[in-house]
Amino acid sequence: MPLVSNKVVTIERHIIEQQERSNGATGDFSSLLRDLTLAFKIINREVMQAGLVDALGATGTENIQGELVQKLDAFADTVIFRAMDHGGHLCAMASEENENILPIPKQYRCGKYVLLFDPLDGSSNIDVNVSIGTIFSILRRITPEDIPGEMEDFLQPGYKQIAAGYTIYGPSTMLVYTAGRGVYGFTYDPSVGEFILSHDDIRIPERGSIYSVNEGNYHKWDRQMQNYIDWAKSDIPEEDKKAYSLRYIGSMVADVHRTLLYGGVFLYPADIKSYKGKLRLLYEANPMSFVVEQAGGAAHDGKQRVLEIIPEKLHQRTPLIVGSPKNVEEVERFLNAG
Ligand code: AHG
Ligand code: MN
Ligand code: MN
């Protein structure tokens, strides 16, 4: 993947340039994405401070302003809502942290998009200083304009997404997004407060030698899935196949990000306890699948392309197999082997 060397491109400039290239773009969408990056910067600041909170004596139940200290995922949820509710671009939002869709407050204009998000992904890793992330998905509304958005605006298949992406709060913070014309990665420079283009036109390797799955669930999977994993970790001289490496962080954003750059496959299959898998279709699987497909990868649920699933419920789950096209094909071969 070519590293950008001769030009400093902020995410704002990139979005504007992309917009200029697409006929009929109104600028609405660009400013929506710009608003989102502000929310990510605020969440990033808070994530970076998380480990210091104890040391500075601000935990317990109250912070220095006498406000309740929120859990980081609830904080991120509020920040995104507040950054996005008044821009005039959205007609409703939905997030992992809220059972129902979130209307735009009455005093603000309703726009033509809906936003879905997982405010903090990998929350079990928050307290141990391991990478976590935020995932987002943007759809164009299907109900008439100028009225509040409705559930049907959210229940659209993933191929209808007009943009999606994620921020990863890791050793450095990165924002990766697609608006349907390739995948771009920006690294956050905290000294200037900007996301700078660092990964231009990301392409996933066609095949990788890493599999990523919670193998502690092995005995809950069906035989076909077990067979695939057994195969993945075997040396098979006749097939000229070496055992794959296992990497599993437990933050989907981080596991899929690594898969995007190094290749391989990330799986969260169905099992006897979670017969539909664990991950949520609309704000986890769909946006990550859109990004990976746009980078030349594939995403399946074991039966069909994830982006073609017709959603029935806001928080519905789906099994997920996502990554390099050849690796996803291999998994499919095992799952279809009867
Ligand atoms: P969230 O923190 O938003 O609830 O998502 C956690 C998800 C995902 O990030 C990760 O891939 C998966 O849960 C890990 O699940 P296991 O602990 O079952 O492996
Ligand atoms: Mn999540
Ligand atoms: Mn979450």
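The values are calculated or read from the model by the stated rules, or taken from the named source; none is laboratory data. Predicted, not measured: the structure shown is a model, and the values here were computed from it. Cβ sites come from the backbone with ideal geometry, for glycine too, and all protein chains shown count toward neighbours.
Just a few scattered comments:
- Per the conditions (1) modelled with pLDDT of 95 or more; (2) within 14 Å of ligand 1 (Cβ to nearest atom), the sole criterion not satisfied by ALA295 is (2).
- Set LYS241, LYS233, LYS273: member being free of Cβ contacts under 8 Å to residues at least 12 places away in the same chain, basic (Lys, Arg) and away from ligand 2 (no atom under 16 Å from the Cβ): LYS241
- Residue in the range 255-272 that is farther than 27 Å from GLY165 by Cβ and either buried (at least 21 other Cβ atoms within 10 Å of the Cβ) or not assigned by TED's automatic domain parsing to the domain that holds GLN161 (or both) present: yes
- Any hit, the range 100-121, residues being within 13 Å of ligand 3 (Cβ to nearest atom), surrounded by fewer than 22 Cβ atoms within 10 Å (Cβ to Cβ) and not assigned by TED's automatic domain parsing to the domain that holds ASN286: no
- Here TYR166 does not fit the description of being at pLDDT 95 or above, surrounded by 22 or more Cβ atoms within 10 Å (Cβ to Cβ) and away from ligand 2 (no atom under 14 Å from the Cβ).
- Scan of the range 55-109 for residues that are more than 22 Å from ILE147 (Cβ to Cβ), modelled with pLDDT of 80 or more and more than 16 Å from ligand 1 (Cβ to nearest atom), ordered by number: ARG82, ALA83
- Test: ALA285 is touching a residue at least 40 places away in the same chain (Cβ under 8 Å) and buried (at least 21 other Cβ atoms within 10 Å of the Cβ): yes
- Sole residue being assigned to a loop (DSSP other than H, G, I, E, B) and within 16 Å of ligand 3 (Cβ to nearest atom), chosen from ILE272, ILE249: ILE249
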